[in-house]
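The values are calculated or read from the model by the stated rules, or taken from the named source; none is laboratory data. Only a predicted model underlies this, so the values are computations on that prediction, with no experimental measurement involved. A quick note on method: Cβ atoms are made from the backbone with ideal geometry, for glycine too, and the neighbour counts reach across all protein chains shown.
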Amino acid sequence: MDGARSTEETKNGAFETLRSVHAAQRLLVRLVPNVRTATGGGSPLERLERELELPHVIDAEGAEDATLRARPVPGAPTPAIRAFLDGTQRSQVLGWIGALPLVYGTSGAVVRQRVERQLTTWGAPLVRHRIYAPLAYAPREELEGALGAHLEDTTRPAPDGSIPPPHPTLLLERATLAVSRDRERLELTLAERWCAERAHDPIMIDGGIGSSELVARSACAVGVVKSHRTLYADGDALGVVLALGRGERSSVIRIAPRGRSEVLSWYLRLRSTEGRDALWGLVRVEMCMADTPTITARADEISRWLLAECSPLAAPDPRWDRMAYGIRSAEEFLRATTN
Amino acid sequence: MTAPLGLVVATERTPNTPHQFQFWTAIDSPVGIGTIVRVDGRQPVDGHIPHVYGVVTEGFSYTDLASPLFDVLGHDGDPGQAAFAPTERAEVRLYVAAVLRHVPEEPLQPVPMGEVFLATEADVAIALRMDSYLREDANTGIPIGLYRSGGMDSAIYLDAEFLVGPEAAHLNITGVSGLATKTSAVEWLMASLFAHFPKSKGSVAAVCFNVKGPDLCFLDQPAELEESDRAMYETLGVPCAPFPDVRYFAPFKADNVSLNTLRSNEELLANVQPLTWGLREVLQFAEVLLNRDDVDAKADALIDFIKERVLDRDFEDRVLKQKHRVRSFADLEGWFKDLLSGMEDQGNEHWRTHHVATIRKVRNRLSNISTRCAGLVTNDGHTSDLPWGDFTDRAVYVVDVALAEEDAQDLIFARVVSKLREHLERRDLGVTHVVVFVDELNKYAPADGPDTYVRKMLLDIAERGRYLGLVLFSAQQFRSQVHRRVVGNAGTALYGRMDGDELATPGYAVLSAATRTKLATLSKGQLMVRHPHFTQPIFVSFPRPAVMRGRDGMERFPQAADVPLDVGVLRQLRRFEPSLTLAWVQDVIGLYEDEDVLRALHATLAHAPEKAGAYFKAQFRKIVGAAPAPAVARTPLRALPDDDPYAI
């Protein structure tokens, strides 16, 4: 649901009734029989341990050098990023029907625009409150009648028609993933909107840019990936990446993860690793595809932009070594407005 | 509709209460300590949208930094790099405001969440409850200054009912010395009071004790003001002019002919009168000058006896060699001499139950008074005093005691205030209200120290004066060191720039740290005001007084040098008859002793006749010039015999 609410949503009051977990609980208890509501607030499901994809390395094709090497970023850091895009999500158990969990999820995305060194919100933030329920095992009609479009099925059949078993933990994980997808969709919407309207103003996007063809082709979009469960370097190249010094970048590579558009990417060391592990201050940058002769200059330019964002520090966020202050500002904004 | 300035915020840890709330603003908002704001609630209560008025008492500013160390790290330990950071940290301006008023007043609830606006002029009037006494049909507002915020000036009014009485009364002002804030504020406020005191409430005059320097010596002379000051006068509706009716009173110097005041320049003497008292006036207040160690019950009884039975009446006694009529200190000394001599002659140790030692002690102490208060107390009994019973509406009477000895100051203060009280009780002073201005309250009404007569009088004014129309405007440097009941009874309190040590005393604990800081840095022309209608202190600006500053006055009208007797006499007489010349005075007084000249002068001044010269001359007894007597031929009673054998 967009920040600008639709007329229909306003009319039926669903938006208002889902503005908080307690409001959603009241609505469900009123409209759906046999719902047991959770008490005590409940921890965000994002904190629960989940089976995550194992860290791994992938060899990538070089786009700048035949062999991946370290390149000092020439010139002084230059601030040029005009905006920062990030999203947040929060899921928590709302209640149960029998043993089946109902999850309340909030996802949001915002662009924080920098004007005269001050960050302000560009346009309207996008915020969505939804309830994630295993409709294959729950009273579908009552839930759909009560929640309409604000309901998401966590037991949607796979392409082969199978549905997941009613394992409560599995259902919780599926709900959390669904909230993540909603958040990504909101981020994507805003990124596309920016690229369409402000094509000449660089925007830093938290994460990759390949999930949207439009964004992946936009020269203004700069994706910054902070997590490194997948490292696009193998063998000697991995050693080069992990040994990058402060202000150095790797050669540009070409990556095209499954289901995503092809983009150019490189690793950049933002901070010195002295006394720290090899991933400290390391980010992977993504930009749109470019002609080979221009790649080096463009990668250096964007690297200078990103090095300029090392200050101010995004502390106290634990990822402050890799996080730009503008990205933290976006997260803080959403935390303040959606919680 | 003006844009909101901020939004009310509250958390569980720092909730809003009925008397305090928090709000945040944009970084560049014109809010500061002392700013008055209005909160518009969102939800109606009993059908009314609540409005809350508050004054900012504290401000906070912080960023999203968890620790200063992160900023150091972010700039690699180099402060010079801070300027290159592409983004400024998110920063909050959070203010705490103390509630001035809730509208509606009931039910009294915590301040609601809502939008915060800068108070408009109308809001300021409501917030400070001025709407209750600025009604067209009953306006008792006395302008105290301008409240300034966000480019808007609002006139702030005190309520005359609470400044001059009878609801509350008295004003006390505190501030460090040297900034002229205290004196300036009082001069300004008196001008404002005279301009706005409602006729329906009666008449008002001021008696100011000038206790130091030339501060109050030029109240009738114009000041050079800046345009901004003139604009403030116009806004506040007060004439930008010196006081039109000022009269000065000062004792003589020890020579009894030159006035003991810094306003002794001949150009300004027209409204300067000597302040001299005789024995009768002094004996009424002997208690002021004679401390308890000096005067025990026995001595007190003798002084009472003298007051009741000896003073101003023919007194005979078998011990005395002659009949006495005591009118002056000189007469009293003669009476004592005669009495003690008579007792010695008769070998008596007691006279009418009074022991000779007591009599000697009282004689000693009373005789001393004319020495200790030389210039004020006359030996010849002549009196020149304030115009008791003839006070004029909106007139200022300045009693200049700055150069007088401490004893004389105490005596003057005690007697003037007592007379004011006496006449106000009888309602025959000439005016219905008198403002008495006393500076240096630290000295006259200290919190600790001996319980002096002067302090008792100040306490009496502070506690009971308002019922009589006797109002105390007092000033001091350290409020904490003034008697609590004196400052506590002052309905209105003004604070200029304050000393840090003073602000650290418990009396200021009710003020926020930010308010105390503002008080410590107030500039000239700024005051913090507490008034019964204002539930919180308010900061105002006031214009420079339209009267000449003491320092400027001393440059323009330098103090007259000490002069010989004849010149001094001429100066005094010229006030009444300007055509008199020095030659004429020298001719008149040439044959007489100084004592006779002074007696004649004092008699003339006391009667203030139109033809002062003739009156003065008439005071001298006839002295016939010396001339050799012609030789007279004397005839013997009987002729001697020619043959007288004993003839030589």
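Restricting attention to the range B:157-169, and to residues there that are in contact with a strand residue (DSSP E or B) (Cβ under 9 Å, 6 or more places away or on another chain) and of a type outside the set (A, V, I, L, M), which single residue is surrounded by the fewest Cβ atoms within 10 Å (Cβ to Cβ)?
B:Glu167
Does the range B:170-178 include one or more residues that are surrounded by fewer than 18 Cβ atoms within 10 Å (Cβ to Cβ) and among the β-branched types (Val, Ile, Thr)? Spell out the reasoning first.
Our first condition is that a residue be surrounded by fewer than 18 Cβ atoms within 10 Å (Cβ to Cβ); within the range B:170-178, this holds for B:176-178.
Then drop every residue that is not among the β-branched types (Val, Ile, Thr), which leaves B:176.
Taking every residue of the range B:170-178 in turn, at least one turns out to be surrounded by fewer than 18 Cβ atoms within 10 Å (Cβ to Cβ) and among the β-branched types (Val, Ile, Thr).
Just for the range B:81-107: of the residues that are in contact with a His (Cβ under 6 Å, 6 or more places away or on another chain) and more than 14 Å from chain A (Cβ to nearest Cβ), which one is nearest to B:Phe21 (Cα to Cα)? Lay out the reasoning, then the answer.
First, pick out the residues of the range B:81-107 that are in contact with a His (Cβ under 6 Å, 6 or more places away or on another chain): B:81-82, B:99, B:103-104.
So of that shortlist, the ones also more than 14 Å from chain A (Cβ to nearest Cβ) come out as B:99, B:103-104.
Values: B:Val99: 7, B:Val103: 15, B:Pro104: 17 Å.
Result: B:Val99.
With the condition being charged (D, E, K, R) and in contact (Cβ under 8 Å) with a residue 60 or more places away in the chain, I'd like the strands (runs of 3 or more DSSP E) fully within the range A:66-169 carrying at least 2 qualifying residues.
By residue number, A:83-97, A:100-115, A:126-133.
I need a count of the residues in the range B:263-275 that are surrounded by 24 or more Cβ atoms within 10 Å (Cβ to Cβ) and not basic (Lys, Arg).
Selection size over the range B:263-275: 3.
Might you let me know whether the range A:297-304 holds any residue that is within 13 Å of chain B (Cβ to nearest Cβ) and on the phi < 0 side of the Ramachandran plot?
Keep residues of the range A:297-304 that are within 13 Å of chain B (Cβ to nearest Cβ), which gives A:304.
Of the ones still in play, those that are also on the phi < 0 side of the Ramachandran plot are A:304.
Within the range A:297-304 (the criterion being within 13 Å of chain B (Cβ to nearest Cβ) and on the phi < 0 side of the Ramachandran plot), the answer is yes, since at least one residue qualifies.
Taking the residues in the range B:430-445 that are in contact (Cβ under 8 Å) with a residue 60 or more places away in the chain and part of a loop (DSSP other than H, G, I, E, B) as candidates, determine which candidate is farthest from B:Arg484 (Cα to Cα).
Looking at residues that are in contact (Cβ under 8 Å) with a residue 60 or more places away in the chain and part of a loop (DSSP other than H, G, I, E, B), I get B:Gly430.
Results for (1) touching a strand residue (DSSP E or B) at 6+ places or on another chain (Cβ under 7 Å); (2) under 16 Å from A:Leu151 (Cβ atoms); (3) at pLDDT below 85, shown as yes or no for each residue.
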position: A:Asp2; (1), (2), (3): yes, no, yes
position: A:Thr10; (1), (2), (3): no, no, yes
position: A:Gly41; (1), (2), (3): no, no, yes
position: A:Glu51; (1), (2), (3): no, no, yes
position: A:Ala63; (1), (2), (3): yes, no, no
position: A:Thr78; (1), (2), (3): no, no, no
position: A:Phe84; (1), (2), (3): yes, no, no
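Yes or no: the range B:235-244 includes at least one residue that is hydroxyl-bearing (Ser, Thr, Tyr), outside any loop (DSSP other than H, G, I, E, B), on the phi < 0 side of the Ramachandran plot and assigned by TED's automatic domain parsing to the domain that holds B:Gly213.
Taking the range B:235-244 first, the residues hydroxyl-bearing (Ser, Thr, Tyr) are B:235.
Within this subset, residues satisfying the condition of being outside any loop (DSSP other than H, G, I, E, B) are B:235.
Restricting the remaining residues to those that are on the phi < 0 side of the Ramachandran plot gives B:235.
Adding the requirement that they be assigned by TED's automatic domain parsing to the domain that holds B:Gly213 leaves B:235.
Among the residues of the range B:235-244, at least one is hydroxyl-bearing (Ser, Thr, Tyr), outside any loop (DSSP other than H, G, I, E, B), on the phi < 0 side of the Ramachandran plot and assigned by TED's automatic domain parsing to the domain that holds B:Gly213, which makes the answer yes.
Could you check B:Pro558 against (1) out of contact with any helix residue (DSSP H, G or I) (no Cβ under 6 Å at 6 or more places or on another chain); (2) of a type outside the set (Phe, Trp, Tyr); (3) surrounded by 15 or more Cβ atoms within 10 Å (Cβ to Cβ); (4) modelled with pLDDT of 85 or more and say which number it fails?
Against the list (1) out of contact with any helix residue (DSSP H, G or I) (no Cβ under 6 Å at 6 or more places or on another chain); (2) of a type outside the set (Phe, Trp, Tyr); (3) surrounded by 15 or more Cβ atoms within 10 Å (Cβ to Cβ); (4) modelled with pLDDT of 85 or more, B:Pro558 comes up short only on (3).
Here are some conditions: (1) within 11 Å of another protein chain (Cβ to nearest Cβ); (2) surrounded by 12 or more Cβ atoms within 10 Å (Cβ to Cβ); (3) among the charged types (D, E, K, R). B:Asp78 meets all but one. Which one does it not meet?
Unmet condition: (2).
Are any of the residues in the range A:182-203 assigned to a strand (DSSP E or B), closer than 27 Å to A:His129 by Cβ and within 20 Å of the chain's Cα centre (by Cα)?
The answer is yes; a qualifying residue exists.
Of the conditions (1) in a loop (DSSP other than H, G, I, E, B); (2) more than 14 Å from chain A (Cβ to nearest Cβ); (3) of a type in the set (A, V, I, L, M, F, W, C), B:Val55 clears all except one; give me its number.
Here B:Val55 meets the rest and fails (1).
With the structure loaded, tell me whether A:Gln118 is over 23 Å from A:Ala216 (Cβ atoms), of a type outside the set (Lys, Arg) and within 14 Å of chain B (Cβ to nearest Cβ) or whether it fails that test.
Criteria met by A:Gln118.
Any residue in the range A:320-339 that's of a type outside the set (Val, Ile, Thr): show its pairings with residues that are assigned to a helix (DSSP H, G or I) at Cβ separation under 8 Å, as long as the two are six or more apart or on different chains.
A:Trp320/A:Arg328; A:Trp320/B:Phe70; A:Ala324/A:Leu306
Inside the range B:529-547, can you point out the residues that are in contact (Cβ under 8 Å) with a residue 60 or more places away in the chain and assigned to a strand (DSSP E or B)?
Once the filter is applied, which keeps residues that are in contact (Cβ under 8 Å) with a residue 60 or more places away in the chain and assigned to a strand (DSSP E or B), the range B:529-547 yields B:Val529, B:Ile538, B:Phe539, B:Val540, B:Ser541, B:Val547.
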